[in-house]
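For reference, the structure is listed below as structure tokens.
The values are calculated or read from the model by the stated rules, or taken from the named source; none is laboratory data. Only a predicted model underlies this, so the values are computations on that prediction, with no experimental measurement involved. Here the Cβ is made from the backbone with ideal geometry for all residues, glycine too, and neighbour counts use every protein chain on show.
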Amino acid sequence: MRLITNKMLVTGLLGLSLVAAANLYAETAPAATPPAGAAAPAADAKGADAVVATVNGQNITKSTLDTVIGMVRGSSPDAKVDTKAVLDDLIITEIARQEANKSGLADRADIKQKLQDITDKLVLNAWTQDKAASFKITDEELKASYDKQISAGDKFEYHARHILMKTKEEAQGVIKELDNKGDFAELAKKSSDGPSASTGGDLGWFKLATMVKPFAEAVAKMEPGTITKEPVQTEFGFHVIKLEERREVKPPEFDAVKPQLQRQMEQEKMLKYMEELRTKADVKVLLPEEKAADAKPADAKAAEPKAEEKK
């Protein structure tokens, strides 16, 4: 496939603004306009910074052209890029950039504010990254954090099935059927109100932390192969649970999660540092206090993870 670009098409495809495209140029300041009739600057065709075109004295270099070609190829790996068409797009973009700069829009209040916002964001991001990287975090600290998180994490994961009923009496009836040698999976397909009914109530492997509390507490007390003797009530209804299997969770190796622990600790230290800065800052909150809302709390059921949907 051959990719033929149209005027401004490269800029459009790559999502580049005129300003962003101009920033790709190796020279940030316009070159002096050559006298009328003067020859264009000589270009070393082999050099990355060779000048491949000039627009009213502004150089477009080969490195800029190569960068844009690389971006086009990245978005269309199978395409054959027309180098001259890409260069033509860059020339049109540069002409438009020069005309935009002549328009005086840079002095407009809203444009100035946007430029200031962009500058503030860039400086803030750079400062935050530099500051976070400046915290000295030892391997001993990282290992202590690792040990703490591993010890607080789940020691086991579980494979279970369940049958969800609307009432306690219905769930007790299911337990009686199971006591009479009823097949759990078949009963789940026939009776369960949960989304997992079609798979025989199979919840797959899960950790207790992913389940609603009453369900998790019941599973934690069970032995593999057993069924709950009493229905387990949650906000979704009444569950009859069968624990199929239980296995130990193998924690990740320290070295494998060390970079993640490093970032986590940097964030923690950064938050602590910002809290210290706030205590020293002269802060006056002028926002009026809001009256207590009369609205009822959001339905807790909507916020709970649904056990039957966890796989």
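Numbers for the structure displayed
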| item | result |
| --- | --- |
| Subset of segment 177-187 (residues that are in a helix (DSSP H, G or I) and either not assigned by TED's automatic domain parsing to the domain that holds L243 or not aromatic (F, W, Y) (or both)) | E177, L178, D179, A185, E186, L187 |
| Output for segment 160-176, where each listed residue is surrounded by fewer than 17 Cβ atoms within 10 Å (Cβ to Cβ) and either part of a strand (DSSP E or B) or without any contact (Cβ under 8 Å) to a residue 12 or more places away in the chain (or both) | E169, G173, K176 |
| Any chance V123 is β-branched (V, I, T) and in the same structural domain as V55 (by TED's automatic domain parsing) | no |
| Unique residue being under 30 Å from T234 (Cβ atoms) and out of contact with any strand residue (DSSP E or B) (no Cβ under 9 Å at 6 or more places or on another chain) when the list is G194, G182 | G182 |
| E141, sole failed condition from (1) without any contact (Cβ under 8 Å) to a residue 24 or more places away in the chain; (2) of a type in the set (D, E); (3) not in a loop (DSSP other than H, G, I, E, B) | (1) |
| Subset of segment 34-54 that is modelled with pLDDT under 85 and of a type in the set (A, V, I, L, M) - its residue that is surrounded by the most Cβ atoms within 10 Å (Cβ to Cβ) | A43 |
